[in-house]
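Take a look at the structure set out below.
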Amino acid sequence: MEFNQLLNQNQRRWHILMIVMSGVLFTCALLHLSVGEVFINPFSPQSALESRLLYDLRMPRLFAAAAIGAALALSGASLQVLLGNVLAEPGVLGISGGASLGMVLILFAFPAAATPLGFMLAGVIGALGFTLILVSMAKTLRLTTTRLLLVGVALGILSGAVVTWAFYFSDDLSIRQLMYWLMGSLVA
């Protein structure tokens, strides 16, 4: 078998896989639009309530989920390309832990600011803060990619320990708020 034939065969496999996965994605999207407390045929909603549920609630959540998934994939792929390591991703580098730590800090240090917008801003600030820590350590200490990953893992473990400590000392309402935001949800 020649090289070109092997290449064409490999490309055909990828094309088939992409078609199958696109079909699975489309099916999941239709299920998301249809299934809920009220079953709705997404191609022909029957009442005004079904139309409002479909167009004002379920479709925006579907598009938000797709955008969030694309952003997460882009962030992981960007870090892998920038660092030249397939293990690099926001969770391994501790950036996700920084976002969690930011949310925990706002819940306990500034409880009046523990609103949905406050949690989002705290998460972004925490993630950016950990990213700046990593970048500054990489520049000043001239870390290799492997050592940078290890420093990121250590920062992630440190932030995880602080978040666990916060769970231990928080009341039931705070635990529920933290779990809701740390697990992520598109539910209203």
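Only the coordinates and a few stated rules stand behind these numbers; no lab work does. Just so we're clear, the structure is a prediction, and the values are computed from it rather than from any experiment. Note: ideal-geometry Cβ built from the backbone for every residue, glycine included; neighbour counts use all protein chains shown.
So here's what we get for this one:
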{"item": "Residue within segment 69-92 that is within 19 Å of V163 (Cβ to Cβ), without any contact (Cβ under 8 Å) to a residue 24 or more places away in the chain, assigned to a helix (DSSP H, G or I) and out of contact with any strand residue (DSSP E or B) (no Cβ under 7 Å at 6 or more places or on another chain) present", "result": "no"}
{"item": "The lone exception for L173 - which of (1) among the aliphatic types (A, V, I, L, M); (2) touching a helix residue (DSSP H, G or I) at 6+ places or on another chain (Cβ under 9 Å); (3) surrounded by fewer than 16 Cβ atoms within 10 Å (Cβ to Cβ) it fails", "result": "(2)"}
{"item": "Tally of residues being over 15 Å from L79 (Cα atoms) and surrounded by fewer than 18 Cβ atoms within 10 Å (Cβ to Cβ) across segment 111-146", "result": "20"}
{"item": "Residues of segment 111-150 satisfying the condition of being touching a residue at least 40 places away in the same chain (Cβ under 8 Å) and either part of a helix (DSSP H, G or I) or in contact with a Lys or Arg (Cβ under 8 Å, 6 or more places away or on another chain) (or both)", "result": "F119, G123, L134, T145, T146, L148, L149"}
{"item": "Test result for L173, in a loop (DSSP other than H, G, I, E, B) and more than 20 Å from the chain's Cα centre (by Cα)", "result": "no"}
{"item": "Among (1) assigned to a helix (DSSP H, G or I); (2) under 30 Å from L132 (Cβ atoms) - the single one E50 does not satisfy", "result": "(2)"}
